[in-house]
Structure formats: structure tokens, C-alpha cells
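Data block below; observations after.
The values are calculated or read from the model by the stated rules, or taken from the named source; none is laboratory data. Keep in mind it's a predicted model, so treat the numbers as computed, not measured. Cβ placement follows ideal geometry from the backbone for every residue including glycine, while neighbour counts extend to all protein chains displayed.
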């Protein structure tokens with residue numbers, strides 16, 4: 001005699017076989033793999049791989065000016081190179097012809113800059129020239145070399161840039177995780193709904209119900225399609241995780257990999273919360289063409305969660321909207337992974353969001369099992385949720 005789980009496993013295998021044969025599943029899996037590669041490729045393409053800024057001077061630049069510019073540029077992660085200008089051509093002409101990006105006039109009274117150049121380097125060069133002239137004047141005023149050096153070593157206050165996330169690269173990974181989770185949950189949910197509707201309209205469910213319990217059909221179908229969804233999410237997570245780890249693309253690559261691993265957990269929690277609802281509503285239809293309309297409420301909740309995730313969750317992770325929606329279901333599975341990648345979320349909020357999502361998933365699964373069992377055997381017309389729930 002077969003056990004409850006043995007029969008459920010057969011339903012699950014059947015759902016996986018039919019789902020993986022669909023062309024749409026293969027296309028979405030390929031797209032998610034491309035998104036995973038984008039997590040690796042896009043940050044590197046946006047990285048600072050610019051050519052060195054060429055600074056031109058008549059003759060060799062003075063040691064003090066060159067040393068100051070090199071030091072300041074190095075602290076600002078700017079690469080510069082020094083070029084000796086042609087004395088026969090004006091600095092303006094050599095900059096216009098692209099021979100250099102910045103040119104210092106022979107008398108050091110003018111700095112010629114290529115249009116559109118980042119003003120940081122010309123500013124550094126101007127400060128170095130002013131520092132050299134100031135040092136000469138201070139020496140003329142009777143200050144010793146040690147005193148002049150002490151004055152030149154006075155440091156300006158450190159500038160600290162604060163953004164919505166501690167690590168922009170990690171936040172970008174979190175953003176892409178949110179996109180992948182949304183696509184995976186939506187595709188899996190619709191896949192479950194279509195599978196349930198197809199079995200009902202083809203009267204396959206009626207045949208299966210003579211041998212199986214409604215709960216076995218529901219759980220087997222959900223687990224089968226959900227497993228295919230995990231494969232799709234892995235198609236995103238594996239290239240992203242391997243690329244981050246191997247290429248060391250992010251300053252906090254370890255945290256980013258943890259974020260990707262957490263995405264798997266949130267995907268499972270999202271499945272528990274959403275797919276049973278998709279399956280239950282799909283059991284109410286009379287025709288497969290009615291699936292989209294009957295599951296619209298759940299789809300709209302997913303869309304709203306995604307919008308909040310990529311706006312408030314990514315743009316203002318410490319705001320009230322992001323905080324509340326990342327903790328409370330049904331928005332938590334999409335908002336929390338994006339918000340968590342900011343590096344500013346307390347651990348207790350993550351744990352609370354997971355606990356609440358699990359509790360909500362249990363409640364949804366219990367309600368969905370009642371709707372599914374009653375809606376699956378109702379034929380002849382499309383049923384309403386209120387009507388099914390009134391059945392004794």
C-alpha cells in the first residue's frame with residue numbers, strides 16, 4: 001500500500017515532466033540565466049576602466065607639483081600620466097587635437113582643459129600650482145623649510161559620501177535578486193494555475209480524484225512546478241554567485257553571496273505563500289482562458305510587491321514604507337531580499353519577516369486546500385470564491 005507522500009511524489013514528477021517540456025519554461029530559464037550573467041558583467045562594464053588623464057606641461061613638471069597631483073589623484077583613484085608639450089604649438093591647440101586632456105601654460109597662469117573632462121584633475125593641478133607658489137612666498141617671508149612643510153601638510157576635513165546602501169555593488173546584486181524573484185514567482189504561480197486549470201477542464205482531475213486525495217493533487221502539482229521554478233532561480237543564482245566569487249567583483253563579495261543564498265530561502269517562502277493561492281483560484285475556472293482573470297488579485301499583489309521592492313526597498317531601505325513592507329506578508333518575500341542587500345537591516349527584522357511569512361503561508365495553504373478541493377469538482381460554470389467557501 002502506497003503512502004500519502006508516495007502518491008504525491010508521482011503527481012510531482014508528472015508536473016515536472018510536463019512543465020519542463022513547455023517552450024515558455026525553457027525561454028524564461030534562459031532569460032534568468034542572462035540576468036545572472038548581467039549581475040557579473042554589468043558592474044565590470046560600469047567599472048572605472050577609463051584611460052589615464054594626460055596632463056601636459058612645457059618641459060618637465062616641477063617635482064612638487066607632480067608629487068602633489070600624483071598623491072592626490074592616487075587617493076581619489078584617478079590615474080594620471082604626464083606628457084611634455086610641443087613648444088611650437090599652443091596648449092589650446094594640443095588639447096583640442098586630443099594630444100593631452102589638461103595643459104598647463106608655460107607661466108602656470110592658465111590651465112587648459114578638454115571639454116567634458118571630470119573637473120577633479122584640473123582642480124588638483126591648480127591646487128598643486130598654488131601650493132608651489134605659496135611655498136615660495138612663505139620662504140621669501142622668512143619661514144624655514146620645516147615651517148613651510150608643516151603648513152603644506154595641513155589636511156582638509158575628510159569627505160564621506162553616504163548613500164542609501166553601504167555597498168552599491170552589493171545593492172545592485174540585491175536589486176537583480178528582486179527582479180529574478182519576481183519573475184520566478186510570477187512564472188511559477190501562473191504555471192501552477194495553468195496546470196490546475198488544464199487538469200480540471202480536461203476532466204483529468206476527476207479521474208485522478210478517484211485514486212488520489214485532493215490534497216495530494218494540490219501539493220504534488222505545487223511542488224512539481226515549484227521545483228522547476230527552483231531550477232530557474234538556480235539559473236540566475238549560479239552564474240551570479242560564481243562570477244562574484246571568482247572575479248572578486250565586489251568589495252563585500254561574501255555578503256553578496258549570502259544575499260543570493262537568502263534569495264533561495266525567500267523564493268521557497270514566496271512559493272508557500274503565493275502558489276497555493278494561485279492553485280486554489282485556478283480550480284474555480286471552467287475554461288483555461290479564464291485563468292488570467294481569476295488569478296488577477298494574486299498577480300496584482302506580486303506586481304505591487306515588486307514595485308515597492310525596486311523603489312522603496314532599493315531607494316530608501318530605511319524608510320517607513322520599505323521597513324513595513326519588508327516585514328509583513330505578502331510583500332516581504334520580494335521587498336526584504338532587496339532591502340537586506342543595503343546592509344542596513346537589523347537581523348531581528350529579517351527573522352521576524354521570515355516567521356510572519358511562514359505563519360501566513362500556513363494560513364494560505366489551509367484556506368487554499370479547502371477552495372481547491374471544492375472548486376476542482378465543480379463543473380458547468382465558473383465558480384466564485386464566496387460560493388465555494390459557503391459549501392458545507
Out of 309, 282, 353, I need the residue that is within 23 Å of residue 218 (Cβ to Cβ), surrounded by 14 or more Cβ atoms within 10 Å (Cβ to Cβ) and in contact with a helix residue (DSSP H, G or I) (Cβ under 8 Å, 6 or more places away or on another chain). Which one?
282
By residue number, the members of the stretch 13-32 that are surrounded by fewer than 18 Cβ atoms within 10 Å (Cβ to Cβ) and more than 21 Å from residue 195 (Cα to Cα) are 30, 31
Has the stretch 107-119 got any residue that is under 25 Å from residue 145 (Cβ atoms), in the same structural domain as residue 132 (by TED's automatic domain parsing), out of contact with any helix residue (DSSP H, G or I) (no Cβ under 8 Å at 6 or more places or on another chain) and surrounded by 13 or more Cβ atoms within 10 Å (Cβ to Cβ)?
no
I'd like to know if the stretch 250-268 contains one or more residues that are surrounded by fewer than 20 Cβ atoms within 10 Å (Cβ to Cβ), closer than 19 Å to residue 295 by Cβ and at pLDDT 75 or above.
no
Given the criteria assigned to a helix (DSSP H, G or I), in contact with a helix residue (DSSP H, G or I) (Cβ under 9 Å, 6 or more places away or on another chain) and in the same structural domain as residue 273 (by TED's automatic domain parsing), does residue 333 qualify?
yes
Residue 146 passes all but one of the listed conditions (1) surrounded by 13 or more Cβ atoms within 10 Å (Cβ to Cβ); (2) at pLDDT 75 or above; the exception is number (1)
Would you tally the residues in the stretch 36-69 being crowded, with 16+ Cβ neighbours inside 10 Å and either modelled with pLDDT of 75 or more or closer than 28 Å to residue 122 by Cβ (or both)?
11
Report yes if some residue within the stretch 361-375 is at pLDDT 90 or above and either over 23 Å from the mean Cα position of the chain (by Cα) or crowded, with 24+ Cβ neighbours inside 10 Å (or both); otherwise report no.
no
Sole exception among (1) under 27 Å from residue 147 (Cα atoms); (2) free of Cβ contacts under 8 Å to residues at least 60 places away in the same chain for residue 102, by number
(1)
Can you work out which of the residues in the stretch 71-97 that are at pLDDT 80 or above and under 39 Å from the mean Cα position of the chain (by Cα) is surrounded by the most Cβ atoms within 10 Å (Cβ to Cβ)?
80
Filter result for residue 125 (at pLDDT below 80, within 19 Å of residue 51 (Cβ to Cβ) and not in a helix (DSSP H, G or I)):
no
